[in-house]
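The values are calculated or read from the model by the stated rules, or taken from the named source; none is laboratory data. Everything numeric in this text was worked out from a predicted model, so none of it was measured. All Cβ positions, even for glycine, are placed from backbone atoms using ideal geometry, and neighbour counts span all protein chains on display.
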Amino acid sequence: MKVRSLRIVSDEKKLAGVLEKRFSARGIHISADAPDFTLETRLDPALPPGVFSVEKTASRTVISAADRSELVCGAGRFLHESVYGKDGMIPWDGHGMFAPEKPFRGIYFAVHFQNFYHSAPMEEVCEYITDLALWGFNVFVFWYDLHHFRNFDDPESAAFRERLKTFAATAKAMGMKRTCLYAVNESFADSPAPLRAQKENGIRGGWYDSQICPSKPEGKEYLLKQFGNLCRNFYAGLQLDSLCFWPYDQGGCGCKDCVPWATQTYPELCVELEKILKSILPDCRTIVSAWMFREAEWNSLLERRKKTPEFCEYLLEEFLPKPAGQPFLGFPEISMTGMYPWGGFGASILARKQQQHWDGQKRFLQGGFPYSEGIFEDFSKVIYSQFYCRDSPASETMKKYIGYEFGLNDPAPVMKALSILEDNHHIRTWDGLSELLTGKPPRRSLEPPQEDPGAEEAFALLKETDAQLPEWGRKSWRWRIVYLRALLDAGLKKNEGKPDKLCEKAFDELTVLYHAQHAESTVSPPAKSRNNYWTSSL
């Protein structure tokens, strides 16, 4: 049945508006009068939690759930699984009860360095959060990175909190829980120098010289007071659902009194901070991260939670061996792998790598939240959303994505091109790039450019496809970042690894799409027009 007109019936006005906008964008006329098809969504408290039901007739689909999160998930499933064409839509024919596999389906936005999340207009980021909720993510994860600001009352700090509040409110309206990361000894830029942590023997990952040593009595007092203020004057207003304590990258202290950090000082500080959190937000759940832990440190943390299960609701760890049946979350990195600047060359495609990693982790996890630096890894986000929802193979998710986001019913040419782009995903460099990104010459001699087999074919496939797309698909930023990635791969190969004028135009377009005109170079395309170096001490 081809549907040209659709009526949406829902008591959830926000959700109804979101759906109307997305169906309309794909050429479906929204009408209350004699439509071809009706989509109804409704909250039904009689249903069990964590599921949505789909009832279907020839001209109507009713999606029901006990909570908004699963209702949004079900509505998104209908939206994405329907097939769109020039002469209408074929509605998804699913029916029955559906239970997303993983309860914690999160996505983490790294809001910093003037990246997309940090710089794009608020409405664009909120629209993106809405899109991700429709793909099944039910937890929005973020971080109030203190080191960027002088203190809590810094006007820039206050403005940043307002930005995060807006994002969190959007997530809540779409049924998502809100989780904030907190590096346990982080602090603002004007933290007292005599109380600061020791970098030597303490650094793993990022470090900004504003962290506080909790083994100094005044340092401990400073940290507990700071955290209490954050709980009362920020987290409480967000109605935060969970808080994730973070050990390293950027946290830790290497002084003799803080060592061993991972197995003693860090978990003990987590306990003290949790007491403050629960006194202000008694229903807020806690997650304890083991990011950058070594295996013996991880085993120590497992033993601690085994002896005191109330230590936390979840443990987060991505790479180390895990016992089955425990409340573990993953933290897959989808932004920085094998490409620099991150997203600087367009879409990041790592589907096979992510499938392999997920297959090795999935039976141990109750979910997780991928680490995201921007919109360039949108494919990866959607792949993980479907891992979490129904363990859908990455290749199948990509085909659904191509149909929904680009308007293509035959995904084969794009799938072939994407496979080539993944094969050619690697660090690129050329004479003058280091000076452009850092203002300094390269530290080592340049490697000859890699061969990038098939780059010309991938671009030819996408160039041919571009002419076949509906206008809404061809103009979407999601298509443009894929197309520009193929253009750049082929152009750089043709020019022996160096960009020509066409490549420079592609970098400029990516910069506009990412709102990266003032971004630090690590999250900005390497355009000659850029005006900010990588200044962080990471």
>> List pairs: first residue in the range 82-98 and under 16 Å from K56 (Cα atoms) and assigned to a loop (DSSP other than H, G, I, E, B), second residue of a type outside the set (S, T, N, Q) and modelled with pLDDT under 95 anywhere in the structure, Cβ distance under 8 angstrom, at least six positions apart or on different chains.
In response: P91/M1
>> Looking only at the range 229-268, filter to residues that are among the charged types (D, E, K, R) and farther than 22 Å from D153 by Cβ; which one of those is surrounded by the fewest Cβ atoms within 10 Å (Cβ to Cβ)?
In response: K256
>> Going through S395, S385, S380 one at a time, which residue ends up being of a type in the set (S, T, Y) and over 16 Å from the mean Cα position of the chain (by Cα)?
In response: S395
> Limited to the range 495-512, what total is found for residues that are touching a residue at least 24 places away in the same chain (Cβ under 8 Å), surrounded by fewer than 21 Cβ atoms within 10 Å (Cβ to Cβ) and not acidic (D, E)?
Replying inline: 2
> Hey, D87 hits all of (1) of a type outside the set (A, V, I, L, M); (2) surrounded by 20 or more Cβ atoms within 10 Å (Cβ to Cβ); (3) modelled with pLDDT under 95 but one; which does it fall short on?
Replying inline: (2)
> Residues in the range 27-53 that are β-branched (V, I, T) and touching a Phe, Trp or Tyr at 6+ places or on another chain (Cβ under 7 Å): how many?
Replying inline: 2
> Got a sec? Which of A197, A168, A158 is over 30 Å from R390 (Cβ atoms), in contact with a strand residue (DSSP E or B) (Cβ under 7 Å, 6 or more places away or on another chain) and among the hydrophobic types (A, V, I, L, M, F, W, C)?
Replying inline: A197
>> If the requirement is being free of Cβ contacts under 8 Å to residues at least 60 places away in the same chain, part of a loop (DSSP other than H, G, I, E, B), at negative phi and not polar (S, T, N, Q), which of these qualifies: E200, E186?
In response: E200
>> Name the single residue that is surrounded by the most Cβ atoms within 10 Å (Cβ to Cβ) among those in the range 281-305 being part of a helix (DSSP H, G or I) and in contact with a strand residue (DSSP E or B) (Cβ under 8 Å, 6 or more places away or on another chain).
In response: L301
>> The conditions are (1) over 23 Å from W246 (Cβ atoms); (2) assigned to a helix (DSSP H, G or I); (3) in contact (Cβ under 8 Å) with a residue 60 or more places away in the chain, and K381 fails exactly one of them. Which is it?
In response: (1)
